[in-house]
1. At a temperature of 10 °C and a viscosity of 1.306 mPa s, determine how fast the stretch A:365-434 diffuses translationally according to Stokes-Einstein, using the Kirkwood radius over alpha-carbon pairs as Rh; express D in µm²/s, rounded to the nearest whole number.
2. Using a simple spin-label model with points 7 Å from Cα along the Cα→Cβ vector, what separation in nm is obtained for residue C:83 and residue C:359?
3. Indicate, rounded to the nearest 5 percent, the antiparallel portion of the DSSP beta bridges found entirely in the stretch B:24-102.
4. Rg/Rh for the stretch B:49-96 to two decimals, with Rh computed the Kirkwood way over all alpha-carbon pairs.
5. At 222 nm, what helix-only mean residue ellipticity would chain B give, in deg cm²/dmol to the nearest 500, using -39500 (n - 2.57) for each DSSP H run of four or more?
6. With everything on Cα atoms, drop me the angle between helix A:307-324 and the longest principal axis of chain A, reported from 0 to 90° to the nearest 10.
7. Hey, how many Å between the Cα centroid of the stretch A:116-162 and the Cα centroid of the stretch C:261-300?
8. Arranged by the count of other C-beta atoms within 10 angstrom, fewest first, what order do A:279, B:74, A:377, C:103 take?
Ligand SMILES: Cc1cc2nc3c(=O)[nH]c(=O)nc-3n(C[C@H](O)[C@H](O)[C@H](O)COP(=O)(O)OP(=O)(O)OC[C@H]3O[C@@H](n4cnc5c(N)ncnc54)[C@H](O)[C@@H]3O)c2cc1C
Ligand code: FES
């Protein structure tokens, strides 16, 4: 039976940082990550020989990966069912179900792209900007044909810079960032200035991009993608009210990121609506403990605070867990946590800049025309959702059962936010009141045979 | 209304590798032997080998679909790997001798 | 949106699940002024968690009068479905191509046959006994782990989610008839009938129907009645879609029109705990794979549990528990939906229960019997 002091779900910036500190403090640690390599979103590919190509941020990642490396770090291991006491069932790369009963659980499942339900988004050749960045960071691949970037957010600018730097052909950048956002930026500057490195990096993207030959449209709206069996072009209205159609092989969408919080939701951890980030945040105390005692969360899965904050929050959680389990006392905890707490506060102070500058645009419900598909898996349109609401569906769970929206393999990862937006606009309630549908095990579909064959021997399967 | 650029070409993988070092791993994609690099996933390999319109078709609507997120969230990259359907191609690394089958609605074949 | 003013109707139906919605729908069809009080999205709702069988086989095991009643209920389903579909455009996915009860061993099969023979004498319900080879004609892929099966030609299944949706759609076509987020918190008798307090306002009515599933326990107390019903948890598994292969449902495995397989269902006496457990998930998966080995590679999509509303004899309760206050509660809200919208709604509209209803009265449970003394099966 595997009963470590700490089980971490997610091996990105937060999870790896927590693992390093927890082991330093003497805890036995086990870590699960569903991806074939550690690093999460930001440090994806940091372990590859070619990582240096993308600059020193990734060299730091290589260091993090090296320090975190050790036994009981499981790749390709997906946590599919977690009990309120932290007992976790996972499926390993050999398709065997294993069970771990940790004394404390840390959820560090990171972020996902904010889903963008716009007309034509289902076509092959449409991807999220993050996907193109992962292709570059993890696999050393760049767009082969003409790529167009559409949407809003720092990642879009960073990606453009990275792809141009590697010689990719970018046909255009179509930014949907509203003018209001640009104006209010100045007001957010004072707190942002406390983090000069990050800020200047952000601002430098724009000037670098201005020098490239890529067409650049600002404050675009009315965006749709056309094509028959795959995307062929993107159409939009520019800030002067002119319609444009740009041919493209690859259309990269981005509207910021939101927490990947299915694990916390399956555990029914309390969450709060964050109006500035326009997403739900898992509620945690300053140490990262959720509303469920003994279950912690750190990093982007608790709210979008960026990679530095994710690392610090992982460390902070590990330090408090060590105290709870008696490895260190409260004084020692306060001494060790002081620096990461201070650094995290600096990072958090920087967020208003990003949040005000880049509010979600592409994904908002006003884009959801009746025939726009909201649930990709079950192909449920905005119109069908509105009809179901008129016919009596009063909340997300009833809506799911009425329309199958959210019942497909992604379990609502792509549609839950849009459903909440539509419910809010149809019923006049706030998104925070409406919430999202219940998440139930398994967290991802897995073959019945893999569950059926697990007898009482379940513990022995754990390596 | 303005139109820029020429129409998109009809057959095109979406990505290409930056380096041209040959991959040391051979997998079988619908009967075709493909060379892959050991750190690649099934999805990243397919995105630089096949036309995105030929990746898979939705079991519900029959429409063509292809990877969207590359981080295990969207489930648009589903393929059959070594006889097991609906695997997330973006989360599975290539292995020598692996057989990958693209998925089309049942009873239908490319 | 909800308004707080008081509304007055002829009949208030409490409970927006399958039972209450079916009765309310039937009452509206009869031209009565009705309001259906629906608790809302977070209700403990068996209607959203059930298996969707429309079946008579095996019903009446502990109360023989239930056997002919269930059979009637199945007989009137097709016409009920036709009307509701025509009205709402929502396909209920009704299939009545027969239904199976699988038995794993010869002993279990023999016991089943005896029971079905006994019920047949009461209701006339016909059935066949099938060997594995015969079963395989309707259920390709069935394994020899099945010793045999009971097959009832009149049985079948419908989509319970669509049924609930269609009933709600039909009811909400009448302005004001569906009140959401209107959990009944209090029932009081007035000179002319009843007054019901809800967060969405006050409702006064001449008659009231208690159709709130397990919520009836608390509601009946306002009228001084203790009910002998209790929750019985059932966990259900649903898989990804698969090519259409199984032609008829069974209580363990059924393929829906979407192609997904529903696998069920446990009977657990655990109070109001609606969580799922690993062990039961595994056991249900194991049983399904042992009956249909091809399911091994089919993916589990979701698990859930729902609470059955069970009387000691597993049969419905229909009664007038106070003047003009009707109790309608049962476990099989899908199988009985048509007859609830038909006969039961007529009884309530007429304001008196006929002899046919007598077998389902509360008094069949010994008066004064305390809940804990009742043997549940
Ligand atoms: C596309 C994208 C681009 C970004 N770019 C930037 C940027 O340029 N600058 C910046 O500061 N920030 C950026 N961010 C944010 C940054 O990536 C995060 O702040 C940082 O990665 C957070 O670290 P984390 O550990 O919380 O999550 P992640 O790094 O996302 O790691 C989470 C890990 O959990 C794993 N996981 C999830 N669920 C399970 C499960 N059930 N079982 C097992 N494993 C699971 C995932 O596979 C993943 O490896 C970006 C985010 C995204 C999505
Ligand atoms: S590409 Fe989104 S899950 Fe694989």
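Quick note: the coordinates plus some simple rules give every number you see, no bench work behind them. In this text the structure is predicted, and so the values were computed from the model without any measurement. For neighbour counting, all protein chains shown are included, and Cβ atoms are generated from backbone atoms with ideal geometry for every residue, glycine included.
1. 138 µm²/s
2. Each label point lies 7 Å from its Cα, and together they span 2.3 nm.
3. Approximately 85 percent, going by the DSSP bridge assignments.
4. Here Rg/Rh amounts to 0.95.
5. -1000 deg cm²/dmol
6. Computed tilt is about 20 degrees.
7. Distance between centres, Cα-based: 41 Å.
8. C:103, A:279, B:74, A:377
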